[in-house]
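Written out below as structure tokens is the structure these notes cover.
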Amino acid sequence: MMSLKSPWRRKVGVIAASVAVTALALTGCSSSGSSADSGSSGATLVAYTGQAGDYQINFNPYSPTNIGGVGTIFESLFFVTQVNSDPYKPLLGTEYSWNDDGTQLDVTLRDGVTWSDGEAFNADDVVFTFEMLTETPAINGIGYDGKATKVDESHVTFTFEHSAFVDGPNILGKAPIVPEHIWKDIDPTTNVVKEPVGTGAYTLGKFKPQAFLLTANEDYWDGEPAVKNVRYLSLSGNTAGADALAAGSIDWQTGPVPDLANVSKTYPGYDAITIPMNQMALLTCANADLGCTGPQTDPAVRKAIYYAMDREQLNSLAFQETASDVSPTFALPEAQGDSISADIDEPIAPSAPDADKVASILENAGYAKNSDGIYAKDGVALNLTVEVVTGWTDYITAINTMTQQLKQVGIGLTASQTSWNEWTDKKSKGDFELVIDSLGQGPANDPYYLYNNFFSTANTAKVGETAPVNISRYSDEDVDAALAVLKQTNPDDTEARQAQFDIIQGKIVEAMPYIPIMTGGTTSEFHAEKFTGWPTLDNLYAFPAVWQSPDNAEVFKALKPTGK
């Protein structure tokens, strides 16, 4: 449940069916299998990512406000996903190998690939892409610091001044390759790439602020996909998405819907899948040294909010019991439980509120309740604002529930609902006190990546500047040092890695720049009657969230229309 990427994530709720129908009419779009460019075969898949408000065109895969194209238009060397431990799936790369100390990575490239404008793809494009990252820190969210060298037209060697095993998933799977002949003349930090040229299975068709269309690439190196069109819709919010689902006018969305436990009965033809993956949190602009302002810059306030939550009630009222335990270390309790430090007294966030602990934390930090029953310090009351996207009803319900929970212990909370574009802008530039979102995992099942993304000084920026990932502006030299050691440690050396995890987890539990809520069960509803080949729990070949790129591209390519 995040926009990472966000991103990344989207939600659902309840509204009149007429709203969805009206929205579809206004966009000039129709449900799959009914529009002129989709035909009646069901070859057009209608996707709703939770976009509320107009799309602002941006197919730059390295832009934080990118709206699509990662995986579908722009491909990486391999497909790497965090939902399984399968070998990486070859895309633009076919083979790779490391040397013994992790300082050299050799990659063989696929022959016979062309860009969608007809130009040939080769090693020059790969070298250019990675040089662009090292020369442009603002877009280098994966922290790549190697040197790419062309061996010949179909071989590239990456070299590093340190052991770089942990960079493998990002280098191989999370760096969309761009065409040198086009990108050499653009600024990757500002260009929104209105006419994307990629090697992927889809190209950009029509674009309107309310919807855009991806069309199958007839010259795709792996053959034209069976799903000929993917139409992305913008609706008025989660509730409109739920009604569009009920009306059968969208084919894939991710988010809770009413009566989630009975999707196949409530929504005939559809099925659902829930994956516990992303840790939901109140993201705080925490670092006053980088320009954050507000009560949440005080760690005591963040810890007080953490202990004020009634998570059982939140799960019941906001998340339809699909959420699960979360660790304040942000290691996934089930999948990564072995990496949770033994030094952490409470490895799992409490399910019930602890009013006495809240009072102790705040009063020891110098706060006292005012005449309104709200804690205050130096004349400033603890009234905080949470940013949320209009229409994300589960999160809005969660905030409303938390508002009542926190009020009982003397903390004021108010929701501020905005469009996704405004919410994203505020979040990335640090113009907020609290944001509700989820952190999301890295490219592989390893907490290192979440720590590196969200807690590394290298991935943040001053307030007013765009932070690549670490929007909390958290910065700690001990955490940075531990991440540096992890980066050079062989992933097989679990003892050495755990020593660094102990350091990181102790620091982030103490500072809590991201206040854990629960681990979100990411639920997606999909039209099983119109398309076959969806991921299942027994064949989880990609993370089945419509907003998760590049996983969604793998799903699009795997699906087959049934003709219904």
| How would you classify the stretch 211-290 from its alpha-carbon gyration tensor, with a ≥ b ≥ c the square roots of the eigenvalues: rounded for a/c under 1.5, else prolate if a/b is greater than b/c, otherwise oblate? | oblate
| request: Report, as a whole number in µm² per second, the diffusion coefficient that Stokes-Einstein gives for the stretch 114-261 at 10 °C and 1.306 mPa s using the Kirkwood radius over alpha carbon pairs. | output: 87 µm²/s
| message | Given an 8 Å cut-off on Cα distances and at least 6 residues of separation, report the relative contact order of the stretch 262-317 as a percent. | response | 16 percent
| What accessible surface, in Å², does a 1.4 Å probe find on Asp446, ignoring ligands, DNA and RNA and rounding to the nearest 10? | 20 Å²
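Work out the length of the dipole vector of the stretch 396-462 about its Cα centre, built from +1 on the beta-carbon of each Lys and Arg and -1 on the beta-carbon of each Asp and Glu, and round it to the nearest 20 debye.
140 debye
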| request: Name the aspartates and glutamates eligible as straight-distance cross-link partners of Lys377: C-alpha to C-alpha under 14 Å, and not fewer than 8 places from it in the same chain. | output: Asp298, Glu363
| field | Asp111 paired with Asn84, simple spin-label distance in nm, labels 7 Å along Cα-to-beta-carbon | value | 2.9 nm
| note | Among Trp392, Leu362, Ala352, the residue whose Cα sits farthest towards the positive end of the charge dipole of the stretch 345-395 (+1 at Cβ of Lys and Arg, -1 at Cβ of Asp and Glu, taken about the Cα centre) is Leu362
| message | Given Cβ point charges of +1 (Lys, Arg) and -1 (Asp, Glu) and nothing else, what value in debye, to the nearest 20, does the dipole of the chain about its Cα centre take? | response | 1980 debye
| query | Can you pull the percent of Cα pairs in the stretch 43-125 with separation above 16 Å? | reply | 69 percent
| request: Tally the DSSP beta bridges in the chain and give the antiparallel ones as a percent, rounded to 5. | output: 75 percent
| remark: Expressed as a percent, the accessible surface of the stretch 95-175 that is carbon or sulfur, using a 1.4 Å probe and the full set of protein chains, is 44 percent
| How much of the accessible area of the stretch 323-390, in percent, comes from carbon and sulfur atoms when a 1.4 Å probe is used? | 44 percent
| field | Sequence of Ile361, Ile411 from largest to smallest accessible area, 1.4 Å probe | value | Ile361, Ile411
| message | With +1 assigned to the C-beta of every Lys and Arg and -1 to the C-beta of every Asp and Glu, and no other charges, what is the dipole magnitude of the stretch 280-420 about the Cα centre in debye, to the nearest 20? | response | 500 debye
| message | Once the convex hull of the alpha carbons of the stretch 90-199 is built, what does its volume come to per residue, in cubic angstrom? | response | 96 Å³
| With the other protein chains left in place, how much accessible area per residue, in square angstrom, belongs to the stretch 84-144 at a 1.4 angstrom probe? | 47 Å²
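With a ≥ b ≥ c the root eigenvalues of the C-alpha gyration tensor of the stretch 315-446, is it rounded (a/c under 1.5), prolate (a/b larger than b/c) or oblate?
Verdict is oblate for the stretch 315-446.
Are there trypsin sites (Lys or Arg not before Pro) in the stretch 139-239 that DSSP marks as loop and that have at most 11 other Cβ atoms within 10 Å, and which are they? Walk me through the intermediate numbers first.
Numbers: sites: Lys147, Lys150, Lys174, Lys184, Lys194, Lys206, Lys228, Arg231; in loops: Lys174, Lys184, Lys194, Lys228.
Of the trypsin sites (Lys or Arg not before Pro), the ones in loops of the stretch 139-239 whose Cβ has at most 11 other Cβ atoms within 10 Å are Lys184, Lys194.
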| message | Run the simple label-point estimate for Leu537 and Ser316 please: 7 Å along Cα→C-beta, distance reported in nm. | response | 2.4 nm
| remark: Over all viewing directions the Cα convex hull of the stretch 447-564 casts an average projected area in nm² of 10.4 nm²
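Please state the shape class of the chain: rounded when a/c is under 1.5, otherwise prolate if a/b exceeds b/c and oblate if not, all from the C-alpha gyration tensor.
On the way: a/c = 1.80, a/b = 1.20, b/c = 1.50.
Oblate, since a/c reaches 1.5 and b/c is not below a/b.
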| Once the Cα gyration tensor of the stretch 373-458 is found, what semi-axes does its equivalent ellipsoid get, as square roots of 5 times the eigenvalues, in whole Å, sorted largest first? | 27, 17, 14
| field | the chain - mean residue ellipticity at 222 nm from DSSP helices (-39,500 (n - 2.57) per run, n ≥ 4, rounded to 500) | value | -7500 deg cm²/dmol
| Using a simple spin-label model with points 7 Å from Cα along the Cα→Cβ vector, what separation in nm is obtained for Ala352 and Thr562? | 4.7 nm
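The values are calculated or read from the model by the stated rules, or taken from the named source; none is laboratory data. Not measured: the values here are computed from a predicted model. Ideal geometry is used to build each Cβ from the backbone, glycine not excepted, and the neighbour counts take in all protein chains shown. Each accessible area value is taken on the protein alone, full model and side chains, heavy atoms only, with ligands, DNA and RNA left out. Shrake-Rupley method; radii C 1.70, N 1.55, O 1.52, S 1.80 Å.
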